[in-house]
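Visitor: I have a structure I would like to understand better, so I am pasting it below and will then ask my questions one at a time.
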């Protein structure tokens, strides 16, 4: 499996905030967004915080948040693993209408299921913990608050560990490493670009509260546009011509281009693209050291070859 980035960066996928430390010991692709901090005081002052509403239809479970005194050995009720995700961020997670061997039910959306790369690791982790996984669909910006409020037990949502997020929650080792790239419209004057320096003076659009936005600052003399809320919004703005390029996670390059034939993925020469890579990590409430170790052991037990096969299969079945 080649490395990609979420903001992910690769074929497309990883979201991460500015100031993310480099990934030095992993050989995978990944990405992610950034979330709220736990303390209300921090939430009021942190540029990374997002104290949004909880997911509808989800009831907190006593002892499942960061205030738990269960010795860090149990998540939630110990039976059902409630996995927070957007269920709208393919190939990491998306909503499906039918159950299959690759899906899990979405707890707060009747008759709906979640699939994607995050979901496959949710299955792996749940099995290691002796629990049954269900997805809880919510906005990315509300995930960390919901975790600390006990409304979900774990985050598997293409999220990357960052210094800011580590102030609020703990993270597992990465289960994916991704890379970033740029998409432009066919016929654009930037279509033949081979380095970030070729985009000097261009207007580039990212996704709010993710590395897809902060990574733009690697481009010299760029016009860094106000980010939008979602990847579909990025694509819409690019298609409408309101920007010259958008950032994306390179892992999903084939899927993006198949769904958007009017776009072109920039092919950077070696060393002339984005330097930042993006790890995708599971998020856990603080105070769960035993669970965190079991989660890391479960992730480590999945061979690289199996991860590659898993990711390729996800790419093949993701929605257009």
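Visitor: Being over 13 Å from residue 263 (Cα atoms) and touching a residue at least 12 places away in the same chain (Cβ under 8 Å) is the filter here, so list the residues in region 190-199 that pass it.
Guide: Taking region 190-199 and keeping what is over 13 Å from residue 263 (Cα atoms), we get 193-199.
Matches in region 190-199: 193, 194, 195, 196, 197, 199.
Visitor: Is it the case that residue 309 is surrounded by fewer than 15 Cβ atoms within 10 Å (Cβ to Cβ), out of contact with any helix residue (DSSP H, G or I) (no Cβ under 8 Å at 6 or more places or on another chain) and outside any strand (DSSP E or B)? Please lay out each step first, then the result.
Guide: Working: surrounded by fewer than 15 Cβ atoms within 10 Å (Cβ to Cβ): yes; out of contact with any helix residue (DSSP H, G or I) (no Cβ under 8 Å at 6 or more places or on another chain): yes; outside any strand (DSSP E or B): yes.
For residue 309, the condition - surrounded by fewer than 15 Cβ atoms within 10 Å (Cβ to Cβ), out of contact with any helix residue (DSSP H, G or I) (no Cβ under 8 Å at 6 or more places or on another chain) and outside any strand (DSSP E or B) - is met.
Visitor: Turning to a different aspect of this structure: How many of the residues in region 271-288 are assigned to a strand (DSSP E or B) and either in contact with a helix residue (DSSP H, G or I) (Cβ under 6 Å, 6 or more places away or on another chain) or under 15 Å from residue 145 (Cα atoms) (or both)? Outline the logic, then answer.
Guide: Narrowing region 271-288 to residues assigned to a strand (DSSP E or B): 277-280, 283-284.
So of that shortlist, the ones also either in contact with a helix residue (DSSP H, G or I) (Cβ under 6 Å, 6 or more places away or on another chain) or under 15 Å from residue 145 (Cα atoms) (or both) come out as 278, 283-284.
Total meeting the criteria: 3.
Visitor: Which members of region 125-143 meet the condition of being within 21 Å of residue 99 (Cβ to Cβ) and either surrounded by fewer than 20 Cβ atoms within 10 Å (Cβ to Cβ) or not assigned by TED's automatic domain parsing to the domain that holds residue 154 (or both)?
Guide: 127, 132
Visitor: Being under 21 Å from residue 121 (Cβ atoms) and out of contact with any helix residue (DSSP H, G or I) (no Cβ under 9 Å at 6 or more places or on another chain) narrows it down to one residue among 177, 169; which is it?
Guide: On the way: 169 fails: out of contact with any helix residue (DSSP H, G or I) (no Cβ under 9 Å at 6 or more places or on another chain).
Just a single option satisfies the conditions, and that option is 177.
Visitor: Can you find, within region 249-270, the residue that is surrounded by the most Cβ atoms within 10 Å (Cβ to Cβ) among those that are in contact with a helix residue (DSSP H, G or I) (Cβ under 9 Å, 6 or more places away or on another chain) and modelled with pLDDT of 95 or more?
Guide: Here the answer is 266.
Visitor: Let me ask something else about it. Of the residues 270, 244, which is free of Cβ contacts under 8 Å to residues at least 12 places away in the same chain and more than 29 Å from residue 129 (Cβ to Cβ)? Write out each step before concluding.
Guide: Values: 244 fails: free of Cβ contacts under 8 Å to residues at least 12 places away in the same chain.
So the residue among 270, 244 that is free of Cβ contacts under 8 Å to residues at least 12 places away in the same chain and more than 29 Å from residue 129 (Cβ to Cβ) is 270.
Visitor: Which numbered condition in (1) in a helix (DSSP H, G or I); (2) over 17 Å from residue 259 (Cβ atoms) is the only one that residue 204 fails?
Guide: Result: residue 204 fails condition (1) only.
Visitor: When you check residue 273 against the structure, is it more than 22 Å from residue 115 (Cβ to Cβ) and either modelled with pLDDT under 95 or surrounded by fewer than 20 Cβ atoms within 10 Å (Cβ to Cβ) (or both), yes or no? Outline the logic, then answer.
Guide: Details: more than 22 Å from residue 115 (Cβ to Cβ): yes; either modelled with pLDDT under 95 or surrounded by fewer than 20 Cβ atoms within 10 Å (Cβ to Cβ) (or both): no.
It is false that residue 273 is more than 22 Å from residue 115 (Cβ to Cβ) and either modelled with pLDDT under 95 or surrounded by fewer than 20 Cβ atoms within 10 Å (Cβ to Cβ) (or both).
Visitor: Also, I was wondering about something else. Residue check: is residue 285 over 20 Å from residue 116 (Cα atoms), surrounded by 21 or more Cβ atoms within 10 Å (Cβ to Cβ), assigned by TED's automatic domain parsing to the domain that holds residue 98 and at pLDDT 95 or above?
Guide: yes
Visitor: Considering region 89-101 alone, what residues qualify as being surrounded by fewer than 18 Cβ atoms within 10 Å (Cβ to Cβ) and in contact with a strand residue (DSSP E or B) (Cβ under 9 Å, 6 or more places away or on another chain)?
Guide: Pass one, region 89-101, residues surrounded by fewer than 18 Cβ atoms within 10 Å (Cβ to Cβ): 97-101.
Residues satisfying the conditions are 97, 98, 99, 100.
Visitor: Out of 217, 173, 213, report the one residue that is assigned to a helix (DSSP H, G or I), in contact (Cβ under 8 Å) with a residue 24 or more places away in the chain and either over 26 Å from residue 259 (Cβ atoms) or assigned by TED's automatic domain parsing to the domain that holds residue 120 (or both). If you could, list the steps in order and put the result at the bottom.
Guide: Details: 173 fails: assigned to a helix (DSSP H, G or I); 213 fails: either over 26 Å from residue 259 (Cβ atoms) or assigned by TED's automatic domain parsing to the domain that holds residue 120 (or both).
Just a single option satisfies the conditions, and that option is 217.
The values are calculated or read from the model by the stated rules, or taken from the named source; none is laboratory data. These figures come from a predicted structure and were not determined experimentally. Please note: Cβ atoms are built from the backbone with ideal geometry, for glycine as well, and neighbour counts cover all protein chains shown.
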